[in-house]
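Down below is the structure, laid out as structure tokens.
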Amino acid sequence: MYDGWKIILGLIVFVIIVTLPFTMSIGKPYVQPKPSIDTPEIQKMEKKQCIEPKQYMREMHIKILYSWKDYATREGKRVYVASDGKQYDVSLQNTCMKCHSNKEKFCDECHNYVNVKPYCWDCHIEPKVGGVK
Amino acid sequence: MPFRIPTTAGQQFSLPWIKYSKIDNPSTGWGVALRMFFEIAFFRSLFRNTKADILNGRLYVGSNKWLWIGALAFHYCFLIILVRHLRFFVGETPWCISLIDSIDSFWQIGLPMLYMTDIIIAAALLYLLGRRIFNPQVKYISLPSDYFPLFLILGIVATGILMRYFAKVDITSIKELTLGLVYLNPIVPKGLGSLFYIHLFLVSVLFAYFPFSKLMHMGGVFLSPTRNLANNNRMKRHVNPWDYPVKHRHYEEYENEFREKMKKAGIPVEKE
Ligand code: HEM
């Protein structure tokens with residue numbers, strides 16, 4: 001009694017599972033995220049920079065926002081001093097979203113790309129599409 | 001095999017009115033399928049792990065489930081983490097992966113949200129390593145090939161945890177790198193820290209080391225003859241499939257050929 005076919009079947013199943021990332025992408029176009037900073041507020045700025053340098057923001061914005069939550073709601077601290085000495089109001093709505101008023105073209109662009117679902121909007125009011133309040 | 005060599009861990013099937021254990025000593029293919037399922041999904045044989053100890057000069061043998069719990073926790077967390085990583089490798093993450101993700105982080109501790117598998121896998125790995133370091137009997141039989149995978153996976157988990165919760169990395173750029181590989185169009189985005197490359201390197205070492213190491217028990221568990229054969233030695237005739245016709249010669253023919261010589265040498269013969 002030879003059982004070779006069972007082993008071959010198992011190997012086929014293994015190969016199918018392991019190549020899933022490749023096979024699942026077949027036929028689907030590759031969409032690169034292009035977060036847009038084209039909003040009225042940002043257009044008005046001379047030097048287009050967020051509160052900290054771009055690369056730092058890309059990596060750390062989540063930590064900054066998390067610490068801002070504690071500053072504002074627990075410690076009552078409402079001023080953030082950036083590394084270049086500038087001062088900002090600790091507020092998601094009034095500081096971040098003032099410039100980045102295009103949530104679905106800015107925030108969502110990368111968040112959907114890497115499949116993260118921030119729960120900020122469980123409490124904060126989500127900006128209306130179009131960015132006008 | 002001319003007969004089967006399953007480990008018997010229960011009453012064998014014999015007479016219909018004698019109760020037999022269908023899973024631990026299966027006599028049918030379905031029983032074997034169940035036994036293999038419990039072995040692979042729940043490490044059933046490890047569950048029977050016992051520990052012997054001498055207390056007050058007497059030998060005691062008791063059940064010991066720690067190894068089973070540690071191993072099960074480690075393997076399931078590893079699986080879940082691996083599956084969760086699929087979000088870096090497919091353009092649009094399937095809903096089932098998102099579901100696993102949200103269950104794994106349902107405590108909503110911190111931001112980025114804490115995955116409970118991260119805590120459990122780290123604890124399980126430290127236990128599995130500690131067992132080899134502090135338990136004298138296990139330490140005695142531990143080889144470098146036992147420590148190496150543990151250290152390797154600890155390194156992977158440590159860099160992963162550092163990246164997610166402490167040092168922070170640019171996930172979007174990382175996904176551009178991984179998707180570049182998936183679409184066979186590799187690019188190296190700028191601004192990726194060394195931590196990510198350490199993580200990736202250790203993972204690559206793990207995958208390269210895998211097929212040549214004890215980690216192949218992943219495939220091997222399916223091929224353990226003592227588990228994946230039904231114990232039906234007394235019901236079915238098992239013929240060795242690679243038995244070939246052996247050339248043989250009867251004693252009679254032998255004697256016919258050498259009878260004269262044997263007589264001369266004084267060796268007794270059957271036929272004169
Ligand atoms: C055996 C394979 C791997 C294991 C066991 C592993 C383990 C981990 C762990 C435990 C974490 C912590 C956060 C989490 O649980 O998601 C993590 C994070 C991470 N891993 Fe892996 N990893 C593996 C393979 C990879 C590969 C192949 C890549 C990419 C090429 C990768 C990229 C990342 C990234 C970017 C993070 C950070 C995730 C975040 O910040 O949310 N990992 N890894």
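State which residue is farthest from the other protein chains (Cβ to nearest Cβ) when the search covers only segment B:84-96 and only residues that are part of a helix (DSSP H, G or I) and surrounded by fewer than 16 Cβ atoms within 10 Å (Cβ to Cβ).
B:Cys96
Return the residues of segment B:193-221 that are of a type in the set (Gly, Ala, Ser), within 11 Å of chain A (Cβ to nearest Cβ) and either in contact (Cβ under 8 Å) with a residue 24 or more places away in the chain or within 11 Å of the ligand (Cβ to nearest atom) (or both); say none if nothing qualifies.
Hit for segment B:193-221 is B:Gly193, nothing else.
Within segment B:259-267, is even one residue in contact with a Ser or Thr (Cβ under 8 Å, 6 or more places away or on another chain), surrounded by 10 or more Cβ atoms within 10 Å (Cβ to Cβ) and among the basic types (Lys, Arg)?
No.
If you go through segment B:240-252 one residue at a time, do you hit one that is surrounded by 11 or more Cβ atoms within 10 Å (Cβ to Cβ) and under 31 Å from the mean Cα position of the chain (by Cα)?
Among the residues of segment B:240-252, not one is surrounded by 11 or more Cβ atoms within 10 Å (Cβ to Cβ) and under 31 Å from the mean Cα position of the chain (by Cα), which makes the answer no.
Can you tell me which residue within segment B:177-192, out of those that are hydrophobic (A, V, I, L, M, F, W, C) and assigned to a loop (DSSP other than H, G, I, E, B), is nearest to the ligand (Cβ to nearest atom)?
Ranking the candidates gives B:Leu192 first.
I need the full set of residues from segment B:164-176 which are surrounded by 18 or more Cβ atoms within 10 Å (Cβ to Cβ) and either near the ligand (Cβ under 8 Å from one of its atoms) or in a helix (DSSP H, G or I) (or both), in order please.
B:Lys168, B:Val169, B:Ile171, B:Thr172, B:Ser173, B:Ile174, B:Lys175, B:Glu176
Going through B:Thr93, B:Thr50 one at a time, which residue ends up being closer than 25 Å to B:Ile161 by Cβ and modelled with pLDDT under 95?
B:Thr93
Taking B:Ile161, is it within 22 Å of B:Met218 (Cβ to Cβ) and either surrounded by fewer than 17 Cβ atoms within 10 Å (Cβ to Cβ) or not polar (S, T, N, Q) (or both)?
no
Working carefully through the options A:Gly4, A:Gly27, find the one that is within 11 Å of chain B (Cβ to nearest Cβ) and at positive phi.
A:Gly27
Could you list, ordered by first residue, the pairs with Cβ atoms under 7 Å in which the first is in segment B:145-170 and over 16 Å from B:Ser213 (Cβ atoms) and the second is of a type in the set (D, E, K, R) and more than 9 Å from the ligand (Cβ to nearest atom), at least 6 apart or interchain?
B:Lys168/A:Glu59; B:Lys168/A:Lys63; B:Val169/A:Glu59; B:Asp170/A:Arg58; B:Asp170/A:Glu59
Restricting attention to segment B:206-239, report how many residues are over 21 Å from B:Lys22 (Cβ atoms), of a type in the set (A, V, I, L, M) and surrounded by fewer than 15 Cβ atoms within 10 Å (Cβ to Cβ).
5
Out of segment A:110-121, which residues are under 18 Å from A:Met60 (Cβ atoms), modelled with pLDDT of 90 or more and more than 8 Å from every other protein chain (Cβ to nearest Cβ)?
Residue satisfying the conditions is A:His111 alone.
Would you pick out the residues in segment A:39-53 that are closer than 18 Å to A:His111 by Cβ and either at pLDDT below 90 or facing chain B (nearest Cβ under 9 Å) (or both)?
Answer for segment A:39-53, where residues must be closer than 18 Å to A:His111 by Cβ and either at pLDDT below 90 or facing chain B (nearest Cβ under 9 Å) (or both): just A:Thr39.
Do we have B:Tyr115 as within 23 Å of A:Cys120 (Cβ to Cβ), more than 11 Å from chain A (Cβ to nearest Cβ), out of contact with any His (no Cβ under 9 Å at 6 or more places or on another chain) and modelled with pLDDT of 95 or more here?
In short, yes.
The values are calculated or read from the model by the stated rules, or taken from the named source; none is laboratory data. Just so it is clear, the structure is predicted and the values come from calculations on it, not from any experiment. Reconstructed Cβ throughout: ideal geometry from the backbone, glycine too, with neighbour counts over all protein chains shown.
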